[in-house]
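Down below is the structure, laid out as structure tokens.
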Amino acid sequence: MIPALREAKTQTQWALEFIRTVMLLLCLVGWVMYPLELLLLEHWTEAWQSRIPFFVAVPGFILTLWVLFDRKTPWVRWAFILTMWASLLTGALGVYFHLLWNFEGEVNWEFEAAMEAMAGSRPVLAALAFTHMGVTGLLSIYRAR
């Protein structure tokens, strides 16, 4: 992204590359801050699934940093795209598992019960941070050459 920003020939190209660079920088900050927050909250249990956000964050950070400087190498581009999809899936599954945890026993999908579970002890919407980073990363590289 940064080389494309420096090589932009028109004002429109520069603006587009600037927006892409800012989006990637926001994603990069997210890859550092969200796992740090999870670490401070001691977001792990005996189940291996509670460590998935950490496993996704490491390649997410490395590949986002790499794409900032080289988005044309095909394997880097594909690895970045796959990691962003993994992040998106991690966030969606996190929402689901947090919601199930908050039901505390019997799962009831009626509106009132689901809304109570949404406001439970596990923050359901917090898992969407990883979905946000995945979408932001995918949008930043969409149709970028």
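Tabulated data for the structure shown
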{"quantity": "In the range 63-75, the residues that are of a type in the set (A, V, I, L, M) and surrounded by fewer than 16 Cβ atoms within 10 Å (Cβ to Cβ)", "calculated": "Leu65"}
{"quantity": "Test: Phe80 is open to solvent by 30 Å² or more (accessible area, probe 1.4 Å), in contact with a helix residue (DSSP H, G or I) (Cβ under 6 Å, 6 or more places away or on another chain), of a type outside the set (S, T, N, Q) and within 14 Å of Gly134 (Cα to Cα)", "calculated": "no"}
{"quantity": "In the range 99-115, the residues that are in contact (Cβ under 8 Å) with a residue 12 or more places away in the chain, in a helix (DSSP H, G or I) and not aliphatic (A, V, I, L, M)", "calculated": "Trp101, Asn102, Phe103"}
{"quantity": "Extreme residue, modelled with the lowest pLDDT, among residues of the range 26-43 that are surrounded by fewer than 15 Cβ atoms within 10 Å (Cβ to Cβ) and hydrophobic (A, V, I, L, M, F, W, C)", "calculated": "Leu41"}
{"quantity": "Subset of the range 124-145 (residues that are open to solvent by 70 Å² or more (accessible area, probe 1.4 Å) and over 28 Å from Arg71 (Cα atoms))", "calculated": "Leu125"}
{"quantity": "The lone exception for Pro59 - which of (1) open to solvent by 90 Å² or more (accessible area, probe 1.4 Å); (2) under 29 Å from Leu100 (Cα atoms); (3) in a helix (DSSP H, G or I); (4) not charged (D, E, K, R) it fails", "calculated": "(1)"}
{"quantity": "Of the criteria (1) assigned to a helix (DSSP H, G or I); (2) among the hydroxyl-bearing types (Ser, Thr, Tyr); (3) touching a Phe, Trp or Tyr at 6+ places or on another chain (Cβ under 9 Å); (4) more than 30 Å from Phe18 (Cβ to Cβ), which one Ser87 fails", "calculated": "(4)"}
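The values are calculated or read from the model by the stated rules, or taken from the named source; none is laboratory data. Since the model is a prediction, treat every value here as computed from it, not as a measurement. In this analysis, Cβ positions are derived from the backbone assuming ideal geometry, glycine residues included, and neighbour counts consider all displayed protein chains. Accessible surface is based on the protein model in full, side chains and every heavy atom, while ligands, DNA and RNA are left aside. Shrake-Rupley method; radii C 1.70, N 1.55, O 1.52, S 1.80 Å.
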